[in-house]
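Below is one structure, written out as structure tokens; comments come after it.
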């Protein structure tokens, strides 16, 4: 089996690996924040806050954190996809 990274120069391979790791870590951290309140996603957490099922603080701060993590992950995924197009 041919290694995907074997055909790339070391700097490009390292950049792709770092972006991939960042996407993974952002996803996992978002999941951890949401799991704290038993929510599947940001909308579910906001609903829990609005209905009073969870205390507003720190749940709202966690909601904001989850949104930021998701938005940042989306940006990193876009960057990774663009870089992959460039090297393909």
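Numbers for the structure displayed
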read-out	value
Total residues in region 35-49, condition more than 17 Å from residue 73 (Cα to Cα) and either crowded, with 17+ Cβ neighbours inside 10 Å or touching a helix residue (DSSP H, G or I) at 6+ places or on another chain (Cβ under 9 Å) (or both)	9
Meets criteria (assigned to a loop (DSSP other than H, G, I, E, B), free of Cβ contacts under 8 Å to residues at least 60 places away in the same chain and out of contact with any strand residue (DSSP E or B) (no Cβ under 8 Å at 6 or more places or on another chain)) for residue 6	no
Condition check for residue 69: without any contact (Cβ under 8 Å) to a residue 60 or more places away in the chain and either closer than 27 Å to residue 16 by Cα or surrounded by 13 or more Cβ atoms within 10 Å (Cβ to Cβ) (or both)	yes
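The rows are residues; the columns are (1) outside any helix (DSSP H, G or I); (2) surrounded by fewer than 17 Cβ atoms within 10 Å (Cβ to Cβ); (3) touching a residue at least 12 places away in the same chain (Cβ under 8 Å); (4) in contact with a helix residue (DSSP H, G or I) (Cβ under 6 Å, 6 or more places away or on another chain).
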| position | (1), (2), (3), (4) |
| --- | --- |
| 15 | no, yes, yes, no |
| 26 | no, no, yes, yes |
| 33 | no, no, yes, yes |
| 59 | no, no, yes, yes |
| 73 | no, no, yes, yes |
| 77 | no, yes, yes, yes |
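No value in this document is a laboratory result; all are computed from the given coordinates. Since we're looking at a predicted model, the values are computed, not measured. Every residue, glycine among them, receives a Cβ derived from its backbone with ideal geometry; neighbour counts consider all protein chains shown.
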